[in-house]
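Student: The structure's right below; bear with me while I get my questions together.
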Amino acid sequence: MAARVVPVDPFDLVVFGATGDLARRKLIPALYHRMADGQMPDGARIIGTARSEMDAEGFRALASEALDTFVPAENLDADIRRRFLGCLDYLKLDVSTPEGWTNLRGKLGTDDRPCAHYLSVAPRFFGMIAEGISKAGLVDANTRIVVEKPLGRDLASARALNAQLAEGFEESQVYRIDHYLGKETVQNLMALRFANTLFEPLWNAQHVDHVQITVAESVGIAGRGPYYDNVGAMRDMVQNHLLQLLCLTAMEPPARFEPDAVRDEKLKVLRALEPLIDPADVVRGQYRANGETKSYREEAENDSSMTESFVALKAKVSNWRWAGVPFYLRTGKRLRNRVSEIAIQFRDVPHSIFPGAGATPHPNVLAIRLQPDEGITLSMTVKDPGPGGMRLADTKLDMSFAERLAATGMRMPDAYERLVMDVIRGDQTLFMRGDEVEAAWAWIDPIIAAWQSAPAPKLYDAGSSGPEDALMLLHRDGRRWREIET
Ligand code: NDP
Ligand code: BG6
């Protein structure tokens, strides 16, 4: 069964850095899938640009190879491939020079269709491209610009980037991608909270004991060493993906599912984050070799690296809804399994009426599983079946989106499919506003600054659950992390 989709109107999409990893691995496959699902019109024009010397045919060959590599064979169809490749064009353009921008103008239509410029290039080019597009007279009310992380490396650079973008574009034309917001289950978190009445009365400090947000990866940093070593887990994951998940979990219901209504509420959460002053509330770690697996330093090719590949921290949202409820965040590379989830742990029953061994109720936990096995579980305490007294047991109400989709013959769409089409439709709801990015950095900056005088990251075995100190972060509060299990 095909997904229910609303086709978009014809558009122009200029992909800067079209020969790069992101374009080949994510953007080209995402656009192909949208065409396969009937959402992308034949009249769409996708213009790849980079410095590499090639013509439109060469770019089509590159894109075709990307489809073979990154789209499962069962999703490839010869006719759709032909139509998709027919939408592609290419322009050789070195964005660091003033030449060539007028050629881009020649590639674009003269009609008033939406035109999105996707900056799939290193951040040092963002300002040059924004200026190039602007100076070439290519900005009108239908123009959009899309930027990818890293959106700065601290508050000052994020502000500078926002100011650069603002020179040529209105905020309503700027699409800052955090691909976690495009994930199906992340959108489902909003549906769960705001399309059901069940949880809202419980979604507060009176009923929630604490929240755990985990983004655990089993991969290391091989192949990205120089980039990652200069960034670390706090900037790479916490500043954006984990804080966005925290915002969606903690925010007040927006009045409408509209860009600024949603983003205003997220911003309030970021601004309500208490400064993280106690060094004991943050643990940073770095993986060491384990058996065949190399250490972080070996993979980064930096013997003395102090960069963290793991962060766990305790955040507090100081407002009426969440006062006193810790939000424990953790993320890391080379952990036991690849698991991302948000777990809301409710409070213990105020008084247990069941006597005897095996009769202690466990707190309910609502777990929103982002990946793998996308879905939602609610752990409950029930009576252990059969005679023999009132023994209690844990069980789970389990709703697997992955299974539901598979049963209807649909595939789980990649986040980029949703996000690219939202850019074309002009819907900024799932994109970060400039002030949100700045507020996130404003909270992160002092934490990173404090590390200058802090001891080295705690080592953890590759393939483990992270450093011992991360376990202690919860133990000292009388709590424990959920297992990183698939
Ligand atoms: P790559 O290094 O793989 O690709 C960079 C692209 O930029 C290439 O197409 C390159 O082509 C082009 N380029 C380089 N210099 C110039 C220039 N002077 N003028 C025009 N084009 C140029 O990078 P990625 O694709 O991995 O990343 C792109 C951006 O996306 C980065 O900001 C990255 O941080 C971000 N990102 C990437 C992710 C990923 O999964 N890869 C995930 C999240 C964000 P050529 O050499 O032919 O000019
Ligand atoms: C990226 C980070 O933004 O997200 C990577 O730069 C990380 O380090 C990736 O591996 C994780 O994304 P996902 O979708 O695989 O969870």
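Student: Hey, can you grab everything whose amide H is under 5 Å from the amide H of residue 371? Only 5+ residues off in sequence or another chain; H modelled, so Pro and N-termini drop out.
Tutor: 340
Student: OK, next. Spelling out what I want: for every residue of the stretch 77-84, take phi, set θ = phi - 60°, compute 6.51 cos²θ - 1.76 cosθ + 1.60 (Karplus), and round to whole Hz; glycine and proline get x.
Tutor: Whole-Hz 3J(HN,Hα) from phi for the stretch 77-84: 9, 4, 5, 5, 4, 4, 5, 5.
Student: If you don't mind, another one. Sort out for me the Cα centre separation of the stretch 438-466 from the stretch 23-102, rounded to whole Å.
Tutor: Each part reduced to its Cα centre gives a spacing of 39 Å.
Student: Could you work out the relative contact order of the stretch 298-387, using alpha carbon pairs under 8 angstrom and six or more residues apart, expressed as a whole percent?
Tutor: Relative contact order here is 19 percent.
Student: Relative contact order, percent, of the chain when contacts are C-alpha pairs under 8 Å separated by at least 6 residues?
Tutor: 18 percent
Student: Angle between the Cα long axis of helix 184-194 and the longest principal axis of the chain, 0 to 90 degrees, nearest 10?
Tutor: That helix lies at roughly 60 degrees to the long axis.
Student: Counting only heavy atoms of protein chains, what accessible area per residue, in Å², does the chain have with a probe of 1.4 Å?
Tutor: Averaged over the residues of the chain, the accessible area is 45 Å².
Student: Something else: Lys and Arg at +1, Asp and Glu at -1: add these up for the other residues within a Cβ distance under 14 Å of residue 11 and post the number.
Tutor: Net of charged neighbours comes to -3.
Student: With θ set to phi - 60° and the Karplus curve 6.51 cos²θ - 1.76 cosθ + 1.60, what are the ³J(HN,Hα) couplings of the stretch 65-74 in order, to the nearest whole Hz, using x for Gly and Pro?
Tutor: 5, 4, 5, 4, 7, 10, 10, x, 3, 5
Student: Taking 0.36 nm per residue of sequence separation and subtracting the Cα-Cα distance, how much length would be gained by fully extending the chain between residue 252 and residue 280, in nm to one decimal?
Tutor: 7.2 nm
Student: If you line up the long axis of helix 415-425 against the longest principal axis of the chain, both from Cα atoms, how many degrees apart are they, to the nearest 10?
Tutor: For 415-425 against the chain, the angle is about 50 degrees.
Student: Cα centroid distance between the stretch 205-234 and the stretch 376-415, in Å?
Tutor: That distance is 26 Å.
Student: Separate question: Would you kindly find the accessible area of residue 472, with a 1.4 Å probe and non-protein molecules such as ligands, DNA and RNA excluded, rounding to the nearest 10 Å²?
Tutor: Accessible surface of residue 472 is approximately 90 Å².
Student: Please work out how much accessible surface residue 80 shows to a 1.4 Å probe, ignoring ligands, DNA and RNA, in Å² rounded to 10.
Tutor: 30 Å²
Student: To continue, here is another question. May I ask you to list the aspartates and glutamates whose Cα is less than 19 Å away from that of residue 268, ignoring any residue fewer than eight positions away on the same chain?
Tutor: Cα-Cα hits under 19 Å: 171, 178, 200, 252, 258, 260, 435, 436, 438, 445.
Student: Helix-derived [θ] at 222 nm for the chain: sum -39500 (n - 2.57) over DSSP H runs of at least 4, divide by residue count, nearest 500?
Tutor: Result for the chain, helices only: -9000 deg cm²/dmol.
Student: On to the next question. Report ³J(HN,Hα) in whole Hz for each residue of the stretch 334-342, in order, from the Karplus equation J = 6.51 cos²θ - 1.76 cosθ + 1.60 where θ = phi - 60°; Gly and Pro get x.
Tutor: Once θ is set to phi - 60°, the couplings for the stretch 334-342 become 6, 8, 4, 9, 8, 9, 10, 7, 10 Hz.
Student: Would you mind counting up the charge near residue 354? Only other residues with Cβ under 15 Å from its Cβ, with Lys and Arg at +1 and Asp and Glu at -1.
Tutor: -1
Student: On the protein heavy atoms, probe 1.4 angstrom, tell me the percent of accessible surface of the stretch 226-361 carried by carbon and sulfur.
Tutor: Summing carbon and sulfur atoms, their accessible area is 51 percent of the total for the stretch 226-361.
Student: Which percent of the Cα-Cα distances in the stretch 150-262 go past 16 Å?
Tutor: Tail fraction, whole percent: 71.
Student: Which entries of 294/314; 266/316; 26/316; 92/333; 107/135; 135/183 show an alpha-carbon separation above 26 angstrom in the structure shown?
Tutor: Among 294/314; 266/316; 26/316; 92/333; 107/135; 135/183, the Cα-Cα distance tops 26 Å for 294/314; 26/316; 92/333; 135/183.
The values are calculated or read from the model by the stated rules, or taken from the named source; none is laboratory data. Predicted model only: the values in this text are computed from it and were never measured. In this analysis, Cβ positions are derived from the backbone assuming ideal geometry, glycine residues included, and neighbour counts consider all displayed protein chains. Surface accessibility is based on the protein's heavy atoms, side chains included, excluding ligands, DNA and RNA. Shrake-Rupley method; radii C 1.70, N 1.55, O 1.52, S 1.80 Å.
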